[in-house]
1. Somewhere in the stretch 26-35, is a residue closer than 29 Å to Arg113 by Cα, assigned to a helix (DSSP H, G or I) and either free of Cβ contacts under 8 Å to residues at least 60 places away in the same chain or of a type in the set (Gly, Ala, Ser) (or both)?
2. Of the residues in the stretch 98-113, how many are among the aliphatic types (A, V, I, L, M), within 17 Å of Tyr74 (Cα to Cα) and within 12 Å of the chain's Cα centre (by Cα)?
3. Could you say whether any residue in the stretch 60-67 is within 15 Å of the chain's Cα centre (by Cα), at pLDDT 95 or above, farther than 22 Å from Arg112 by Cβ and of a type in the set (Phe, Trp, Tyr)?
Amino acid sequence: LDQAQKTIKDFQDSDRIERTYDSSRSSVASRPNLSWKSSCGSPNNGEKVWWAVKTDGSNLNLVKRNYCGDAMIYSRGETQVASFTSKSEAESFAKMLNAHSGEPFWIRESIRR
């Protein structure tokens, strides 16, 4: 009986993993609808902690032409695409840009004084 229960549990786990994998593949495969904006990110409301969405410096023209007109190169030679007061919003935006463009995007915490 113990072996049968283990086999059933293993099957359920593999089925759950497969469903998770399939759902993640479909979300990456579908390109989000992104349109060009003159400015991207959260409005400046005096927050101290911001989350910057970044990419390689070589992607500046791609970003300015297709996504965010106010993107610029900051320290470390990275292109800063946008800044958000919410970490989850920054992560979501970076993932959408990555899925849409195929280029790497990441976030970095930024403290404003």
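1. No, that holds for no residue.
2. 1
3. yes
Residue-by-condition table, conditions (1) out of contact with any Asp or Glu (no Cβ under 7 Å at 6 or more places or on another chain); (2) on the phi < 0 side of the Ramachandran plot; (3) surrounded by 12 or more Cβ atoms within 10 Å (Cβ to Cβ):
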site	(1), (2), (3)
Ser38	no, yes, no
Asn45	yes, yes, no
Lys48	yes, yes, no
Ala52	yes, yes, yes
Gly57	no, yes, yes
Ser75	yes, yes, no
Phe84	yes, yes, yes
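The values are calculated or read from the model by the stated rules, or taken from the named source; none is laboratory data. Just so it is clear, the structure is predicted and the values come from calculations on it, not from any experiment. Backbone-built Cβ (ideal geometry, glycine too); neighbour counts: all protein chains shown.
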